[in-house]
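Readers should treat all values here as calculations from the given coordinates under stated rules, not as data from a laboratory. All of these numbers come straight from a predicted model, not from anything done at the bench. With ideal geometry, Cβ positions are generated from the backbone for all residues, glycine too; neighbour counts draw on all protein chains shown.
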Amino acid sequence: MVRSVVGAAIGAGVGLIALLLCGAVYGFVNGVPTAAIPPGLRAAGVSTLFFAAFLWPLAIPTGGLIGGLAGLGSWVVREVRRPETDED
């Protein structure tokens, strides 16, 4: 069960990082039309903040759910170990 919790925490972090990267790429390519900022690095930073401020409630639970399910799956089908033998 610890794998599920760790997977959920890592998934939430990865979901947030993916959201921030999407915001940066969107701002770098398209600019920020609502703030009249042309495409470039400044627009990438502002767009990243916009994405983080308004879309984090979608990214963090989704990433956490995916990571938690992956951790649960790895817990359910854990590796079957063979008994050790002393053969020389």
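General observations
- Val76-Cys22 FRET efficiency (beta carbon distance; Förster radius 30 Å; 0.05 resolution): 0.45
- Residues considered: Thr34, Thr48, Thr62. Largest GNM mean-square fluctuation over the chain, using C-alpha springs under 10 Å, is found at Thr34.
- Most mobile of Ile17, Ile66, Ile37 in a GNM of the chain (Cα contacts under 10 Å): Ile37
- Entry note, the chain: relative contact order of 45 percent, from Cα contacts under 8 Å with a spacing of 6+ residues.
- Three principal axis extents of region 2-74 based on alpha-carbon atoms, in descending order, are 46, 16, 12 Å.
- Candidates Ala53, Ala70, Ala44, ranked by Gaussian network fluctuation over the chain, Cα under 10 Å, top entry: Ala53
- A cut-off of 5 Å between modelled amide H atoms, ignoring neighbours fewer than 5 places along the same chain, links Val32 with Ile37.
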